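For reference, the structure is listed below as structure tokens.
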């Protein structure tokens, strides 16, 4: 039996190819690379893809597929790697200098004098969609060049506040300063100590991702600072409102406090709607930075802090600030919900007490009506009996006139006790039935 005899799931090939998507570049030293990350927002992948296609058309290279989110292509002396992420696109240009270019950049101070970006059309760069968030120039020195001295690297970077380490099982040495230089770009220097081409591509990709995800994670820090004071003030207002719960007296005060709590809840939910996405993205980006740093497998270079140490000292506190603000936002929302539930419970209890008083008042009125009805019924027995006896008297009188031997006065007198008894029994049964119906109604209410 061959696989062709089986019916494929429609997504089988797509899901399998996903594991091979976004391949690493094969890089051989000497190498120069420039990495750009532009924040264009969600829903702009079509514009970014079209811009890449326009550059490919200019160099006669194949454009990205209509629904692709990554594309690697050779354009002139460069190799372009484009990747579309949730809210930004990254463009990485690789250039391998010729021997003359390498000789010209032999002094370490000239290694960034010519970059891969120099070969990209200026008009195309100026019309890139979005805003530049990350820009990094990277250089890989060949393994036959002397190992860079940290002091020489400090002069190249213009600062001694560097991070550096041996990575990839000591196959390379890296140097970074995480600082934007006068040309508007960060710098990364790699000394090849025995990397394979694919290994070099993975290392460069990890370093670019650390630079990119570090910056995108920090987008949450201004949000945390902007809303931190507002959340503090909201927390104080909530504390004041909660303390009023023990002192409010009337239903109107409770309703007024509930309206204030509702307004505060709306304010906190507005902040949550504006900041929750940014805080969630920061957590995800920061996790990626930590993972990429772990994958470097750093070993210390004497006199330099490692990339992990640098980020733990600078990036981690910022991320903790964002996390604390996000947690305070969640906690504040929960506290408002609990206070609102408590106040609504108090209002419901007050309303139930008022309803109970109203029902008791209605029961008293019904009882008074029954007593009045009983009094009226006593009078009604005499009145009804009087009219019935009168009817009997006239009936007997009529019967005597017709020739029957009856005495109307005697018949009327004899009928009085019978009529009164019958009327009284009838009214008593009627009243008893009303009492039973009333009792059933009260039991159903309770």
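The values are calculated or read from the model by the stated rules, or taken from the named source; none is laboratory data. Just so you know, these numbers come straight off a predicted model, no measurement behind them. Here the Cβ is made from the backbone with ideal geometry for all residues, glycine too, and neighbour counts use every protein chain on show.
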Among the residues of segment 397-407 satisfying the criterion of being modelled with pLDDT of 75 or more and part of a helix (DSSP H, G or I), which is farthest from the chain's Cα centre (by Cα)? 401
Among the residues of segment 227-286, what is the count of those that are closer than 30 Å to residue 86 by Cβ and modelled with pLDDT under 75? 0
Given the conditions (1) modelled with pLDDT under 95; (2) within 13 Å of residue 305 (Cβ to Cβ), which single one is not true for residue 175? (1)
Qualifying position, being more than 13 Å from residue 175 (Cβ to Cβ), surrounded by fewer than 20 Cβ atoms within 10 Å (Cβ to Cβ) and touching a helix residue (DSSP H, G or I) at 6+ places or on another chain (Cβ under 8 Å), among 297, 308, 313: 308
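Would you say residue 165 is under 40 Å from the mean Cα position of the chain (by Cα) and more than 30 Å from residue 40 (Cβ to Cβ)? Give the steps one after another, and end with the answer.
Working: under 40 Å from the mean Cα position of the chain (by Cα): yes; more than 30 Å from residue 40 (Cβ to Cβ): yes.
Yes; evaluated as a whole, the condition is true for this residue.
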Return yes when residue 35 is in contact with a strand residue (DSSP E or B) (Cβ under 6 Å, 6 or more places away or on another chain), surrounded by 19 or more Cβ atoms within 10 Å (Cβ to Cβ) and over 30 Å from residue 157 (Cβ atoms) and no when it is not. no
Filter segment 135-155 for residues that are touching a helix residue (DSSP H, G or I) at 6+ places or on another chain (Cβ under 7 Å), more than 18 Å from residue 311 (Cα to Cα) and surrounded by 21 or more Cβ atoms within 10 Å (Cβ to Cβ) and give the result. 138, 140
Quick check on residue 187: is it surrounded by fewer than 21 Cβ atoms within 10 Å (Cβ to Cβ) and either on the phi < 0 side of the Ramachandran plot or assigned by TED's automatic domain parsing to the domain that holds residue 84 (or both)? no
